[in-house]
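Written out below as structure tokens is the structure these notes cover.
What follows is calculated from the coordinates using simple rules that are stated; it is not laboratory data. Note that this is a predicted model, so its numbers are computed, not measured. No Cβ is skipped: glycine too gets one built from the backbone with ideal geometry, and neighbour counts run over all protein chains shown.
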């Protein structure tokens, strides 16, 4: 097995594992990893998912790793931004919340307040939804490409 496939399978397994833990609301998510009980394991688990999901798309899709068409170059650029946002998810979220449990209050100040919470959710959902939209757009482009090639062959009398 080459490195690319290995990286893809590792990213995919991590992504699936994180999704299962998040969807089931596993008690592991609330388990503290520090003596002050201020950093839940869920922060690290979610961060792994924020990085592994876009990396699974990257390692699993040759056209987004080495794009040749304009659309794929655009999608590849977006995917790299999503990967970067996944990597920076904890530092950005810490700045927004002021804590590593990413809890927010009704404060009037930005950090830890309701506006920061909205930005936290935009970032969090943005990484996941952004990755899905990139993958969906890539798949739709493949359908149109196959449809186009089929109609060109048909027009030329080739089946």
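Shape analysis of the range 1-66 places it in the prolate category; the axes a ≥ b ≥ c from the Cα gyration tensor give an a/c of at least 1.5, with a/b above b/c. Calculated mean residue ellipticity at 222 nm for the chain: -24500 deg cm²/dmol, from DSSP H runs with n ≥ 4 weighted as -39500 (n - 2.57), summed, divided by the residue count and rounded to 500. Distance from the Cα centre of the range 1-44 to that of the range 69-112, in angstrom? Measuring centre to centre over Cα atoms gives 17 Å. Axis angle, to the nearest 10 degrees, between helix 41-60 and the longest C-alpha principal axis of the chain: 10 degrees. For 125, 9, 138, the sequence from fewest to most other C-beta atoms within 10 Å is 125, 9, 138. Once you treat every alpha carbon in the chain as an equal point and sum by Debye, what is log10 I(q)/I(0) at q = 0.10, 0.15, 0.18, 0.19 Å⁻¹? So the normalised log intensities are -0.48, -0.88, -1.11, -1.18. Label positions at residue 6 and residue 103, each projected 7 Å from the Cα along the C-beta direction, are separated by 4.2 nm.
Ordered by the number of other Cβ atoms lying within 10 Å of each residue's own Cβ, fewest first, 101, 124, 68 fall into the sequence 68, 101, 124. Taking a virtual spin label 7 Å from the Cα of residue 71 along the C-beta vector, which residues in the range 121-137 bring their backbone nitrogen under 20 Å of it? Inside the label zone: 130-137. Between residue 133 and residue 80, the contour length at 0.36 nm per residue exceeds the Cα-Cα span by 17.7 nm.
May I ask you to derive the relative contact order of the chain, considering only C-alpha pairs under 8 Å and at least 6 residues apart, and to give it as an integer percent? So the answer I get is 19 percent. On the beta carbon distance between residue 16 and residue 144, with R0 = 30 Å, the FRET formula returns roughly 0.55.
Expressed as a whole percent, the proportion of Cα-Cα pairs in the range 73-117 lying more than 18 Å apart is 41%. Among 50, 117, a tally of other beta-carbon atoms within 10 Å of each Cβ gives an order, fewest to most, of 117, 50.
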